[in-house]
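**Student:** A single structure is presented below for examination.
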Amino acid sequence: MIRFGRETCANLSLALAREWLETNGLGGYASSTITNTNTRRYHGLLVAATRPPLGRIVLLSKLEETLVVGSRRFDLSANQYPNVVHPRGHELQTGFRLDPFPIFTYSVAGIEIEKSVCMIHGENTTVVRYELKEANDAAADVADASHARGSCRLEVRPLVACRDYHSLAHENERLNPQLQTGENLLTFEPYADLPALRLAHDADDFEPAGYWYRNLEYPAERERGFDFREDLFCPVVFTSDMRARTRLHLVASTTRRTLSGVDEIIRAEIARRAPVARGGVSGNKLISETEANNVSETEANSIRDNELVSGDELLASLVSGNELVAALVPASDAYIVARGEQQTVIAGYHWFGDWGRDTMIALPGLALVTGRFETARRILSEFARHASEGMLPNRFPDAGETPDYNTADATLWFFEAVRSLLHYAGDYDFVRAHLYEVLTGIVAWHVRGTRYGIRLDADGLLAAGAGGVQLTWMDAKVGDWVVTPRAGKAVEIQALWYNALRVLAELAGRFDDAERAREYASMAERARASFNEQFWNEAEGCLYDVIAGEMRDASIRPNQILAVSLAHSLLAGERARKVVATVERELLTPYGLRSLSPRDPRYRGRYEGDALGRDGAYHQGTVWAWLLGPFITAYIKTHEAKDEARARARGWLANFLTHLHEAGLGHVSEIFDGDAPHAPRGCIAQAWSVAELLRASIEDVYRSQPE
């Protein structure tokens, strides 16, 4: 459990750096800081995915609460306005914890109030519950104790934005302030082109409000060089006598949710998450903790995601015995979301959608080491369906247009995801029926050439590049400036190409496709020979990052680690060990690998400033947590003293235990500064960061490397 006490909550510089995240399996979410002081345009209590997993709209931004004890009024919220924080409810907050969802506690005039926020899986619905706890007379003075025994009324004011989550709302005359009222259900539809916000409640009373809160400031947006002031509209005020009923519920939703069985809804959501937290995996079917504990080993091995997968005793034991794995397994659930009838992976919260590259890199850690085999099949099927000219989509735009295919590596990571599925699930029948022809088609397209100059060269290596297009994962671009174009033959593209050919050769052999098996094996051998001839940088004892004609880019970057870490690796023996040693010496930090050596004059040690400054540093020294996964794999693979290597890896992984209590609570950030103290930056919760740490922990550190 992650928890903070009064001291942290009352200190805004500490509290605002810690953000919680609730997700709903659709791409929607709820998120804020531990004091519910919104610091980003992306914060909100109901950010609905109107076209799952995209089309995200901030409907309910936050709730303003006032506790009226006798004649005294106590505001529980806190907001940043120009030059002032108002009100200062964080000073009344006694704690915050994730248990399993966000819970906030306040002590006011001898009265304790607990607030919880829970999203419902598969719905754009957020449940907020307020509960009056026993009066803490011992902690209150005599006057407070007297008030605690008197009247106690809670006022709650919803503040709505009703806008795209990338934008900001401002006071305007287009907003329709009218409320549609029903029995314990209010419907607010301020704009005709956006979904209605429905508020179910069990308050004693409510009355229309119809006024604006102006100039709320979001300091995280100001730091990023974006607009940072917003106006929010309050349509209604709910009032409830907490002494008489002790609980108040508000259910914010895009559907006509009622309060019927609201406590059961919360308990059901806790039960849904319980198997994940214990190392089993629940899917769409709700199971109770008792049911999960009573599943036999035989049953567990035969049940897939729609029920329960609990069979891996090692995973279950790690969840109970390893703090990092215990945190990352339930965190992994946040990124797996619906796309139509299938599933996909949200690359990161708050602002990323589903990207092909991120999805394929993250799939083994999110879905396979955790036993979500049906989820893995759905994800692979969905992306295979969108294959075009031998390429997987790079990303699906928010606006729902045609997918972007500007990537040279996402398609090749697809092969590694398939290999991982076969390693864990042995699902050759599925691959034969649904993926094999897509995989062979990908290679055929790459041989004859596809978009953006991606083509097989005469030396058996893959070339890629087109003017003004960024094709590798080092994809920062500002206007027309591609920061790290890497056109030509990038080192990790060759590693992925060789791995893909070896995977496909094995599949062709198993599927009695002998001619193709020989062809792919021959292509792989040619690629390996050309790679070792052209990419070795003897002066630095490592690999060139990119070659193009006679050009050899000697930048020391982490991409070369994939030539060692992938299951079918291009390097062996002394060269592989030298690459690992060079990467460790030049790039390893407590939170992952730098994207460029500090010895390089282009190195940028801090990721900060406006969009130009940040994107200029994104792959020029910034640390990427996900790269620690392949580094650990390569490190253990190349060291003869495996126990010693795993002990060192455990030390690297342990660095993240502190990080789980900062930035995105219970999650791993996208990036960190290259320079100490390596402050977390970028997205507060990144899929491949969580996934690769989880995969390496389970696959490499706590059990033997897969054969």
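The values are calculated or read from the model by the stated rules, or taken from the named source; none is laboratory data. As the structure is a prediction and not an experimental result, all values here were calculated from the model. Cβ coordinates were reconstructed from backbone atoms using ideal geometry, including for glycine residues, and neighbour counts include every protein chain displayed. Calculation scope for accessible area: heavy atoms of the full protein, side chains included, ligands and nucleic acids excluded. Shrake-Rupley method; radii C 1.70, N 1.55, O 1.52, S 1.80 Å.
**Student:** Could you check the stretch 301-367 for helices (runs of 4 or more DSSP H) lying wholly inside it with 1 or more residues that are at pLDDT 95 or above?
**Tutor:** Result: 323-332, 356-363.
**Student:** If we keep just the residues of the stretch 471-521 that are of a type in the set (D, E, K, R) and at positive phi, which is most open to solvent (accessible area, probe 1.4 Å)?
**Tutor:** Top of the filtered list is Asp512.
**Student:** Search the stretch 528-547 for residues that are on the phi > 0 side of the Ramachandran plot and pair each with any residue that is part of a helix (DSSP H, G or I) and surrounded by 15 or more Cβ atoms within 10 Å (Cβ to Cβ) when their beta-carbon atoms are under 6 Å apart and the residues are at least 6 apart or on different chains.
**Tutor:** Close Cβ pairs (under 6 Å, with a partner that is part of a helix (DSSP H, G or I) and surrounded by 15 or more Cβ atoms within 10 Å (Cβ to Cβ)) amount to Gly541/Lys578; Gly541/Thr582.
**Student:** Of the residues Ala327, Ala347, Ala334, only one is open to solvent by 20 Å² or more (accessible area, probe 1.4 Å) and either more than 24 Å from Ala410 (Cα to Cα) or among the aliphatic types (A, V, I, L, M) (or both); which?
**Tutor:** Residue meeting the stated conditions: Ala327.
**Student:** Could you tell me how many of the residues in the stretch 424-453 are outside any helix (DSSP H, G or I) and touching a Leu at 6+ places or on another chain (Cβ under 7 Å)? Break it down into steps so the answer makes sense when it comes.
**Tutor:** We begin by selecting, within the stretch 424-453, every residue outside any helix (DSSP H, G or I); these are 426-427, 435, 449-450.
Still in the list and also touching a Leu at 6+ places or on another chain (Cβ under 7 Å): 427, 435.
So the count comes out to 2.
**Student:** Looking for whichever is modelled with pLDDT of 95 or more, part of a helix (DSSP H, G or I) and surrounded by 19 or more Cβ atoms within 10 Å (Cβ to Cβ) here; the options are Ala417, Ala408. Which one fits?
**Tutor:** Residue meeting the stated conditions: Ala417.
**Student:** Can you list the helices (runs of 4 or more DSSP H) found entirely within the stretch 513-596 that contain at least 3 residues being within 23 Å of Gly465 (Cα to Cα)?
**Tutor:** It comes to 514-534.
**Student:** Would you mind stating whether Ala433 is without any contact (Cβ under 8 Å) to a residue 24 or more places away in the chain and on the phi < 0 side of the Ramachandran plot?
**Tutor:** yes
**Student:** Out of the residues in the stretch 450-484 that are of a type in the set (S, T, N, Q) and at pLDDT 95 or above, which is farthest from the chain's Cα centre (by Cα)?
**Tutor:** Out of the qualifying residues, it is Thr450.
**Student:** Separate question: Looking at Val251, is it over 19 Å from Thr37 (Cβ atoms), within 32 Å of the chain's Cα centre (by Cα) and either buried (at least 16 other Cβ atoms within 10 Å of the Cβ) or at pLDDT below 95 (or both)? Break it down into steps so the answer makes sense when it comes.
**Tutor:** Numbers: over 19 Å from Thr37 (Cβ atoms): yes; within 32 Å of the chain's Cα centre (by Cα): yes; either buried (at least 16 other Cβ atoms within 10 Å of the Cβ) or at pLDDT below 95 (or both): yes.
The answer is yes for Val251.
**Student:** Among the residues of the stretch 631-651, is any touching a residue at least 12 places away in the same chain (Cβ under 8 Å), touching a Lys or Arg at 6+ places or on another chain (Cβ under 7 Å) and either part of a helix (DSSP H, G or I) or crowded, with 22+ Cβ neighbours inside 10 Å (or both)?
**Tutor:** yes
**Student:** Select from the stretch 245-275 the residues that are assigned to a helix (DSSP H, G or I) and touching a residue at least 12 places away in the same chain (Cβ under 8 Å) and list them in ascending order.
**Tutor:** Answer for the stretch 245-275, where residues must be assigned to a helix (DSSP H, G or I) and touching a residue at least 12 places away in the same chain (Cβ under 8 Å): Arg245, Val262, Ile265, Ile266, Ala268, Glu269, Ile270, Ala271, Arg272, Arg273, Ala274, Pro275.
**Student:** Of the conditions (1) of a type outside the set (S, T, N, Q); (2) without any contact (Cβ under 8 Å) to a residue 12 or more places away in the chain; (3) assigned to a helix (DSSP H, G or I), Leu501 clears all except one; give me its number.
**Tutor:** Among (1) of a type outside the set (S, T, N, Q); (2) without any contact (Cβ under 8 Å) to a residue 12 or more places away in the chain; (3) assigned to a helix (DSSP H, G or I), the lone unmet condition for Leu501 is (2).
**Student:** Then there is this: Can we say Arg56 is charged (D, E, K, R), farther than 19 Å from Gly666 by Cβ, open to solvent by 30 Å² or more (accessible area, probe 1.4 Å) and in a strand (DSSP E or B)?
**Tutor:** no
**Student:** Is at least one residue of the stretch 88-108 open to solvent by 10 Å² or more (accessible area, probe 1.4 Å), within 20 Å of Glu230 (Cβ to Cβ) and either in contact with an Asp or Glu (Cβ under 6 Å, 6 or more places away or on another chain) or in contact (Cβ under 8 Å) with a residue 24 or more places away in the chain (or both)?
**Tutor:** No, the stretch 88-108 has no match at all.
**Student:** Within the stretch 369-380, work out how many residues are open to solvent by less than 10 Å² (accessible area, probe 1.4 Å), in a helix (DSSP H, G or I) and in contact (Cβ under 8 Å) with a residue 60 or more places away in the chain.
**Tutor:** The qualifying residues number 1.
**Student:** Of the numbered conditions (1) on the phi > 0 side of the Ramachandran plot; (2) surrounded by 23 or more Cβ atoms within 10 Å (Cβ to Cβ); (3) of a type outside the set (Ser, Thr, Tyr), Gly426 fails exactly one; give the number of that condition.
**Tutor:** Going through the list (1) on the phi > 0 side of the Ramachandran plot; (2) surrounded by 23 or more Cβ atoms within 10 Å (Cβ to Cβ); (3) of a type outside the set (Ser, Thr, Tyr), Gly426 breaks only (2).
**Student:** Considering only the stretch 196-223, state which residues are in a loop (DSSP other than H, G, I, E, B) and open to solvent by 40 Å² or more (accessible area, probe 1.4 Å).
**Tutor:** Hit for the stretch 196-223 is Asp204, nothing else.
**Student:** Return the pair list, or none, for Cβ contacts closer than 9 Å from residues in the stretch 381-393 that are touching a residue at least 40 places away in the same chain (Cβ under 8 Å) and part of a loop (DSSP other than H, G, I, E, B) to residues that are open to solvent by 10 Å² or more (accessible area, probe 1.4 Å) and of a type in the set (D, E, K, R), at least 6 apart or on different chains.
**Tutor:** What qualifies is Glu389/Arg451; Gly390/Arg448; Gly390/Arg451.
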